Amino acid sequence: MEGKIMDAIDPVLLTLLPQDIKNLFFPYASVQLWALLLNLLLGFGLASIIGIHFRHYSSAFCNRQDFSRLFPLLMLTVILIITVVKASLALALGLVGALSIVRFRTPIKEPEELIYLFLNIGIAVALGAGQTLAALLACAVTLVLVTWAKRHNIDVAQEQGLFLSINDHSEDEITVSVNELKHLLASHSERLELRRFDCDKHSFSATFFITATEVEQLDHCLALLKQRFPTIRISLLEQHNIAGV
């Protein structure tokens, strides 16, 4: 009789044993692991796509290759945090307290870098909160619209702004005026603004902000300056490019 009872109980014990072991070792586990794994894989793929977009369409003056490699790690980290925190108010409050003592000192030199970081964080938050379709749709629409805007700006806005820095030093006395420099540059630029001018008996330096629609305009400006001042040194500084002459 006792053996029959044990035979009837054993299947029940075998059924409950895995759950009991799970509750024994992981009593507070409430995260759906398969959903977390799916979101991590999707997040890694989306972060890689955002990184490719950043490398091809960003105009940030930084090492875009190295900077974009951080996107997957940022994405996966935020997904994990949001997935764990969303199930517990106590964990959410603890996270706020923990982050309040953290000081992020990594310099972000250009706003475009920060925008791409926020894009990764936003997609990660959506995935961690279980809004997978919303994250996919938002990522796709955002990248498509940004791509269209970038290409549209390239096609329409042809005007390019640069800082032109010129300086000359000679053993002979140098005679130069602001009006003369402006006259040389104004004929081959769309916009001309004097930012700084220093002059003494044997040297002078000046900085202008100029805009041009064609590279040939800049070449003409440089040719005129070199013709007027044979020993002049010229440098052009553009927001995303540096060139010296």
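The values are calculated or read from the model by the stated rules, or taken from the named source; none is laboratory data. Just so we're clear, the structure is a prediction, and the values are computed from it rather than from any experiment. Don't worry about glycine lacking a Cβ; one is built from the backbone with ideal geometry, like all the others, and counts go over all protein chains shown. Please note that ligands, DNA and RNA were not included when accessible areas were found on the heavy atoms of the full protein model with its side chains. Shrake-Rupley method; radii C 1.70, N 1.55, O 1.52, S 1.80 Å.
Checking residue 69 against (1) open to solvent by 90 Å² or more (accessible area, probe 1.4 Å); (2) modelled with pLDDT under 85, which single condition isn't satisfied?
Just one mismatch for residue 69, condition (2).
Condition first: in contact (Cβ under 8 Å) with a residue 12 or more places away in the chain, part of a helix (DSSP H, G or I) and of a type in the set (A, V, I, L, M). Now tell me which residues in region 198-238 satisfy that.
Hits for region 198-238 are 218, 222, 224, 225.
Could you list, in sequence order, all residues of region 109-136 that are open to solvent by 60 Å² or more (accessible area, probe 1.4 Å) and under 8 Å from the mean Cα position of the chain (by Cα)?
Within region 109-136, 111, 114, 115 qualify.
Surrounded by 13 or more Cβ atoms within 10 Å (Cβ to Cβ), at pLDDT below 85 and in contact with a His (Cβ under 9 Å, 6 or more places away or on another chain): is that true of residue 172 in this structure?
No; evaluated as a whole, the condition is false for this residue.
Take region 194-216 and flag every residue that is acidic (Asp, Glu) and either closer than 13 Å to residue 229 by Cα or surrounded by 13 or more Cβ atoms within 10 Å (Cβ to Cβ) (or both).
The one that is acidic (Asp, Glu) and either closer than 13 Å to residue 229 by Cα or surrounded by 13 or more Cβ atoms within 10 Å (Cβ to Cβ) (or both): 214.
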